[in-house]
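Novice: Would you mind keeping the following structure in view while I ask a few things?
The values are calculated or read from the model by the stated rules, or taken from the named source; none is laboratory data. Please read all numbers here as calculations on a predicted model, not as lab measurements. Using ideal geometry, Cβ is built from the backbone for each residue, glycine included, and neighbour counts are taken over all protein chains shown. The accessibility values were calculated without ligands, DNA or RNA, using every heavy atom of the protein model including side chains. Shrake-Rupley method; radii C 1.70, N 1.55, O 1.52, S 1.80 Å.
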Amino acid sequence: MSLYVAEIDTTSVAAETDGITTVLAAIETAAAKQGGEFIESQVTADHGRVFAVIEHSSLLELRADLEAAGLTVDELALVRLVGAELDDVKKLKKAGQYLVEWDFPAGLTMDKYLARKKEKSPLYNDITDVKFLRTYVREDMVKCLCFYDGDSEDAIVAARQVVDTPISRLHKLEG
């Protein structure tokens with residue numbers, strides 16, 4: 001089984017009382033249809049987007065099942081989990097308070113990314129108002145999704161500056 005992140009547009013159901021709950025149930029059903037597992041989801045605070053992590057055997061089958069469930073899948077990509085163990089993530093079902101997307105520069109390889117991550121990660125130990133939780137790195141090296149707990153958006157931005165890593169998009173997650 002491989003690990004995927006599905007980015008699902010939920011703006012059409014954001015205002016509905018049970019809109020996000022319905023979307024999450026549809027993701028879980030779609031993932032399980034062919035023997036996959038819905039690992040975790042992160043919902044933006046405005047309820048406009050869901051980032052769903054799914055373990056599955058086929059990207060094409062997973063996409064088909066998600067779309068057959070009526071979901072608007074903007075992106076679906078094979079990912080690698082960095083900074084946490086999958087079994088531990090499965091127990092949590094919830095990430096932190098913030099999600100940072102970083103669109104990778106052209107030419108960055110997985111090996112270079114992982115070496116940079118290993119070099120920079122110890123710098124987080126000096127930051128008291130932000131806790132790095134985990135990262136999902138797209139295998140196609142388009143971007144990564146990094147999850148944090150922190151006091152504020154400004155604290156997350158400052159933490160990323162300490163590790164000298166850009167932010168392409170910063171999302172407050174539903175609490």
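Novice: When the residues of region 43-64 are filtered to those that are in a loop (DSSP other than H, G, I, E, B) and modelled with pLDDT of 95 or more, which remaining residue is surrounded by the most Cβ atoms within 10 Å (Cβ to Cβ)?
Specialist: Ser58
Novice: Let me ask something additional. Which of (1) open to solvent by 10 Å² or more (accessible area, probe 1.4 Å); (2) of a type in the set (D, E, K, R); (3) in contact (Cβ under 8 Å) with a residue 40 or more places away in the chain does Glu40 not meet, given it meets every other one?
Specialist: Status for Glu40: all satisfied but (1).
Novice: May I ask you to list the residues in region 92-148 that are hydroxyl-bearing (Ser, Thr, Tyr) and over 18 Å from Val53 (Cα atoms)?
Specialist: Those that are hydroxyl-bearing (Ser, Thr, Tyr) and over 18 Å from Val53 (Cα atoms): Thr109, Tyr113, Ser121, Tyr124, Thr128.
Novice: So is Val137 closer than 16 Å to Val43 by Cα and either basic (Lys, Arg) or out of contact with any Ser or Thr (no Cβ under 7 Å at 6 or more places or on another chain) (or both) or not?
Specialist: No; evaluated as a whole, the condition is false for this residue.
Novice: Can I ask one more? Could you tell me whether any residue of region 91-102 is small (Gly, Ala, Ser) and either buried (at least 16 other Cβ atoms within 10 Å of the Cβ) or touching a Leu at 6+ places or on another chain (Cβ under 6 Å) (or both)?
Specialist: Looking through region 91-102, at least one residue is small (Gly, Ala, Ser) and either buried (at least 16 other Cβ atoms within 10 Å of the Cβ) or touching a Leu at 6+ places or on another chain (Cβ under 6 Å) (or both).
Novice: Looking at region 91-106, which of the residues that are in a loop (DSSP other than H, G, I, E, B) and within 28 Å of Ala45 (Cα to Cα) is modelled with the lowest pLDDT?
Specialist: Lys93
Novice: Let me ask something else about it. Out of curiosity, is Leu133 open to solvent by 40 Å² or more (accessible area, probe 1.4 Å), over 17 Å from Asp164 (Cα atoms), in contact with a strand residue (DSSP E or B) (Cβ under 9 Å, 6 or more places away or on another chain) and hydrophobic (A, V, I, L, M, F, W, C)? Write out each step before concluding.
Specialist: Values: open to solvent by 40 Å² or more (accessible area, probe 1.4 Å): no; over 17 Å from Asp164 (Cα atoms): yes; in contact with a strand residue (DSSP E or B) (Cβ under 9 Å, 6 or more places away or on another chain): yes; hydrophobic (A, V, I, L, M, F, W, C): yes.
Criteria not met by Leu133.
Novice: In the list Glu119, Glu139, which residue meets the criterion of being modelled with pLDDT under 95 and open to solvent by 10 Å² or more (accessible area, probe 1.4 Å)?
Specialist: Criteria check complete, one pass: Glu119.
Novice: Exactly one of (1) of a type in the set (Phe, Trp, Tyr); (2) touching a residue at least 60 places away in the same chain (Cβ under 8 Å); (3) within 17 Å of Leu78 (Cα to Cα) is unmet by Phe147. Its number?
Specialist: Single failed check for Phe147: (3).
Novice: Can you tell me which residue in region 65-90 is surrounded by the most Cβ atoms within 10 Å (Cβ to Cβ), limited to those that are of a type in the set (A, V, I, L, M, F, W, C) and part of a loop (DSSP other than H, G, I, E, B)?
Specialist: It comes out as Leu71.
Novice: Being within 20 Å of Tyr98 (Cβ to Cβ) and under 16 Å from the mean Cα position of the chain (by Cα) is the filter; apply it to region 10-37 and report the residue that is least open to solvent (accessible area, probe 1.4 Å).
Specialist: Of everything passing the filter in region 10-37, Thr10 is least open to solvent (accessible area, probe 1.4 Å).
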